[in-house]
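The values are calculated or read from the model by the stated rules, or taken from the named source; none is laboratory data. Bear in mind the structure is a predicted one, so any value in this text is a computation, not a measurement. Counting neighbours? That spans all protein chains shown, and the Cβs are built from the backbone with ideal geometry, glycine included.
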Amino acid sequence: MSSNVNSVQNVIKVALGLCVICSIMISSAAVLLKPRQTANQLLDRNKNVLIAAGMFNPDVDTNADVEARFSEFNARMVDLQEGRFLTEEEMQSLGVDPQSYDQQSAKNDPEMSINLTGDQDVASIRRRANYATVYTLTNDSGEIESIVLPVNGYGLWGIMYGFLALESDGSTVRGIGFYDHQETPGLGGEISNPDWQAQWVGKEVYGDNGNVNFRVVKGGGSGDNEIDALSGATLTSRGVENMVQFWLGENGFGPFLENEIQG
């Protein structure tokens with residue numbers, strides 16, 4: 001007697017077979033696409049470093065320009081605990097590579113990060129990795145002309161991620177760029193507007209007293225340490241100011257800049 005093709009057993013067998021086939025296809029696609037995804041992530045990171053440093057204009061330049069221009073930078077690891085560059089030997093001992101180091105993943109590892117509490121956490125990021133990758137641009141004499149720092153802080157809806165570029169004095173802003181955020185389009189989302197970012201150029205992070213005096217204020221922009229806040233985006237503007245306060249302060253890159261750059 002022939003079996004019923006519509007039986008529960010056959011339906012289950014077909015469903016399981018389809019699940020196995022689909023799983024194999026998805027897994028294969030993920031494996032095959034992984035190198036391309038990694039390359040795209042690397043390209044995007046390098047492009048945003050260049051944007052912050054004022055060396056890439058998305059309206060004019062193309063992805064083909066990224067590799068040559070980014071090759072002018074050196075990726076270096078910073079020990080945020082001690083405020084200094086890591087040596088090659090120390091990086092090998094720690095098993096970290098400036099090119100592949102994932103600061104956000106390290107932030108979630110208790111052995112690779114510290115917990116921020118109270119006034120320490122002005123940027124509302126909760127934890128901070130012990131190490132960070134920075135990008136330096138040097139002249140023919142090997143002196144640092146510019147340094148690009150990874151920065152992040154909480155805005156209105158989530159964490160804003162970007163790069164802040166400083167001149168050789170470790171205080172004058174060369175540029176800013178945000179590559180990932182959840183701020184409201186047309187309001188807080190204007191942090192990605194090149195016109196708003198342009199007013200950062202030439203501003204001073206530190207005051208005469210050596211403290212972070214950078215401010216984002218409504219109607220600002222005339223002072224050396226201030227820029228104009230985003231219209232209708234008070235919390236985002238405050239988040240950007242807090243981000244700079246943290247990352248250029250004593251719990252961020254402040255000690256490193258004082259020791260290695262401003263020196």
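Please find, within the stretch 67-79, the residue that is surrounded by the most Cβ atoms within 10 Å (Cβ to Cβ) out of those that are among the aliphatic types (A, V, I, L, M) and either closer than 11 Å to residue 133 by Cβ or touching a Leu at 6+ places or on another chain (Cβ under 8 Å) (or both).
Among residues in the stretch 67-79 that are among the aliphatic types (A, V, I, L, M) and either closer than 11 Å to residue 133 by Cβ or touching a Leu at 6+ places or on another chain (Cβ under 8 Å) (or both), the one surrounded by the most Cβ atoms within 10 Å (Cβ to Cβ) is 78.
Please go through the stretch 86-100 and give me each residue that is of a type outside the set (Asp, Glu), surrounded by fewer than 17 Cβ atoms within 10 Å (Cβ to Cβ) and under 18 Å from residue 148 (Cβ atoms), ordered by number.
Here is the first cut: in the stretch 86-100, the ones of a type outside the set (Asp, Glu) are 86-87, 91-96, 98-100.
Next cut, surrounded by fewer than 17 Cβ atoms within 10 Å (Cβ to Cβ) only: 87, 92-95, 99-100.
Correct list: 99, 100.
Can you name the residue in the stretch 211-243 that is in contact with a Lys or Arg (Cβ under 9 Å, 6 or more places away or on another chain) and in a helix (DSSP H, G or I) and is also surrounded by the fewest Cβ atoms within 10 Å (Cβ to Cβ) among such residues?
In this case the residue turns out to be 234.
Take the residues of the stretch 79-100 that are touching a residue at least 24 places away in the same chain (Cβ under 8 Å) and under 18 Å from the mean Cα position of the chain (by Cα): which is nearest to residue 40 (Cα to Cα)?
Here the residue is 99.
Taking the residues in the stretch 45-84 that are among the polar types (S, T, N, Q) and either in contact with a strand residue (DSSP E or B) (Cβ under 7 Å, 6 or more places away or on another chain) or in a helix (DSSP H, G or I) (or both) as candidates, determine which candidate is farthest from residue 111 (Cα to Cα).
Top of the filtered list is 63.
When the residues of the stretch 145-166 are narrowed to those that are surrounded by fewer than 20 Cβ atoms within 10 Å (Cβ to Cβ) and in contact with a strand residue (DSSP E or B) (Cβ under 7 Å, 6 or more places away or on another chain), which ends up farthest from residue 237 (Cα to Cα)?
145
Is it the case that residue 232 is more than 30 Å from residue 113 (Cβ to Cβ) and either in contact (Cβ under 8 Å) with a residue 24 or more places away in the chain or polar (S, T, N, Q) (or both)? Steps first, answer last, please.
Values: more than 30 Å from residue 113 (Cβ to Cβ): yes; either in contact (Cβ under 8 Å) with a residue 24 or more places away in the chain or polar (S, T, N, Q) (or both): yes.
It is true that residue 232 is more than 30 Å from residue 113 (Cβ to Cβ) and either in contact (Cβ under 8 Å) with a residue 24 or more places away in the chain or polar (S, T, N, Q) (or both).
Applying the selection to the stretch 107-139, what residues are among the small types (Gly, Ala, Ser) and at pLDDT below 95?
Kept after step one, since they are among the small types (Gly, Ala, Ser), are these residues of the stretch 107-139: 113, 118, 123-124, 129, 132.
The answer is 118, and nothing else.
So is residue 142 closer than 23 Å to residue 68 by Cβ and surrounded by fewer than 23 Cβ atoms within 10 Å (Cβ to Cβ) or not?
yes
Run residue 179 past the list (1) under 14 Å from residue 53 (Cα atoms); (2) modelled with pLDDT of 95 or more; (3) of a type in the set (Ser, Thr, Tyr) and report the number of the one that doesn't hold.
Result: residue 179 passes all but (2).
Hey, among the residues in the stretch 106-125 that are within 13 Å of residue 242 (Cα to Cα) and charged (D, E, K, R), which one's nearest to the chain's Cα centre (by Cα)? Quick ask: steps written out before the conclusion?
First pass over the stretch 106-125, keeping only residues within 13 Å of residue 242 (Cα to Cα): 119-125.
Now drop any that are not charged (D, E, K, R), which leaves 119, 121.
Values: 119: 22, 121: 17 Å.
That would be 121.
Pick from the stretch 101-128 the residues that are without any contact (Cβ under 8 Å) to a residue 12 or more places away in the chain and over 25 Å from residue 75 (Cα atoms): which of them is surrounded by the most Cβ atoms within 10 Å (Cβ to Cβ)?
126
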